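The values are calculated or read from the model by the stated rules, or taken from the named source; none is laboratory data. Worth saying up front: this structure is predicted, and the values here are computed from it rather than measured. Cβ atoms come from the backbone with ideal geometry, glycine included; neighbour counts cover every protein chain shown. Accessible surface areas use protein heavy atoms only, side chains included; no ligands, DNA or RNA. Shrake-Rupley method; radii C 1.70, N 1.55, O 1.52, S 1.80 Å.
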Amino acid sequence: MLKNGVITFNITTLNFFEVDDMTDKAKTQKSTREGRGQSGLRVQNERKIISLIRQHGALPKAEIAHKTGLSAQAVTVIINRLEADELLVRKTPQRGRVGQPLVPFALNSEGAFGIGLKVGRRSFDLTLIDLNGNVRATLHENFQYPSVTKLLAFLEKGIEALTLGLNSDLRERILGVGVATPYEIWSWAEEAGAPSEVLDEWKTFNFTQGITSIINLPVYVCNDDTAACSAELSFGNPHHFDNFMYVFIGTFIGGGVVLNGSLFTGRTGNAGAIGSLPQPVLDPQGKLSSQQLIMQSSLYILEQMLIDAGYDGKSLWQSSEYWGELGATLDDWIDKVADGLAYAALCSMAIFDFEAIVIDGAIPVTVREKIIRATAEKIAKSDTRGLSPCEIVSGTIGGKAQSIGCANLPLLANFSQDSRSLFN
């Protein structure tokens, strides 16, 4: 079904398709792409130029040379190679200046593709994106809690459906499968409402083996909220912040970190795990203790609050765009979320001197904006002496940030300047 320009599917059993015989030209193109794409061996200057063009949309050679410090000849050689590899396309020449018109170069949307698998605590998503981050197809499945058995069944039925809109040549340009999964998904069995023995299966599950048994492509695994942060950095970030903390409000709240314009994943890939940040709280007896942010600023908390208030809490998982009228219960939750985010923002501002806190999530835009305003107000009322001002702004990707972010991982691995630190 075509909806808003994106192909979406219901999961049904599908037969595997046969790939048509390729012409000699197609075989040559395939060999070229495998040599420069799936191996991930693009030279650093090529990656630098691709990243620069992605950031600016389109640039002529002269401006690329100026911004990179490379010679005009070197830029010409690289641009010609990238154009021959079908990664770049020429745009309309810029006329009206003295001399020859400047020809901007932009990323070719169909130059490469990435598949993303998001493993959530309430759903699975498969997403296909092109080199410009456009979503070409998506598949979604809800459940009460995640299990390895459900995931493998989802992949078996869905992985082929996702690529039905691509011809055989374009399918060869899929560079890999990115996986976004919560860090230690088995650690919150009680909060997720799942049997511990089911979640324990994830401790030993090997994503690479499971996925490559279905589709023979490289697999890249990343924390789910770090993946969401990569989507904001690559395809959003309209203010061009170089240093920011990213927050994603989902079933459990989490985040990511961007430093000096690059995704910072930390020693174990878990940087930005604000959900585990202990926040000081007073118990009913007035005794000071601590509580992780995840226990007050996550969607599963709102679900329980709604159920206690007589609402259908499960309606939260049906749509991230509209929740209907939830009254004072929603307002109370927003206040709790803002308390936690204000505390996390102040801690991060003191350590990293961020320019901005970027807040997004699988929540309606109106709810997100209320959270942003409430968080900014709480920070403004706090003692911020010695801290530099920090903007509190909205993310631009929305509820699909984790899905788009994990589909972006194969593209980052092949074309980003930061792939080594990201996938170490």
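The slack in the chain from Glu63 to Ser109, taken as 0.36 nm per residue of separation less the alpha-carbon distance, amounts to 14.4 nm.
Remark: the Arg171-Gln55 segment gains 39.2 nm on full extension, using 0.36 nm per residue and subtracting the alpha carbon distance.
Packing-based ranking of 394-403, 342-351, 144-153 yields 394-403, 342-351, 144-153, ordered from highest to lowest mean Cβ neighbour count within 10 Å. With contacts defined as alpha carbon pairs under 8 Å and 6 or more residues apart, what's the relative contact order of the range 305-390 in percent? Once divided by the residue count of the range 305-390, the mean separation gives 35 percent. Over the range 145-264, what is the mean sequence separation of C-alpha contacts under 8 Å (at least six apart), divided by residue count, expressed as relative contact order in percent? Taking the mean separation of contacting Cα pairs over the length of the range 145-264, I get 24 percent.
Full extension of the chain between Asp242 and Ala350 yields a length gain of 37.2 nm, computed as 0.36 nm times the residue separation minus the alpha carbon distance.
The calculated FRET efficiency for the pair Ile307 and Thr366, based on their C-beta separation and a Förster distance of 25 Å, comes to about 0.70. Modelled spin labels at Ser276 and Gln100, positioned 7 Å past Cα toward Cβ, are 5.5 nm from each other. Residue order by solvent-accessible surface for Trp323, Trp317 is Trp317, Trp323, largest first, with ligands and nucleic acids left out and a 1.4 Å probe. Spatial offset of the range 302-350 relative to the range 205-275 amounts to 23 Å, using the alpha carbon center of each. Note on surface exposure: Arg368, Arg171, Arg385 rank Arg385, Arg171, Arg368 by accessible area, highest first, 1.4 Å probe. Glu63 exposes around 80 Å² of accessible area when a 1.4 Å probe is run over every protein chain in place.
Over the range 200-295, Cα pairs under 8 Å with separation of 6+ residues give a relative contact order of 19 percent. At an R0 of 56 angstrom, the distance between the Cβ atoms of Glu325 and Ala84 translates into a FRET efficiency of 0.50. At a probe radius of 1.4 angstrom, the accessible area of the range 249-386 per residue rounds to 49 square angstrom. Rolling a 1.4 Å probe across all protein chains gives Arg81 an accessible area of roughly 100 Å². Rg over Rh for the range 304-424 works out to 1.05, using Cα positions for both radii and the Kirkwood form for Rh. Accessible-area rank, largest first, for Tyr246, Tyr220: Tyr220, Tyr246, with all protein chains present and a 1.4 angstrom probe.
Rolling a 1.4 angstrom probe over the range 275-424 with all protein chains present gives an accessible area of which 51% lies on carbon and sulfur atoms.
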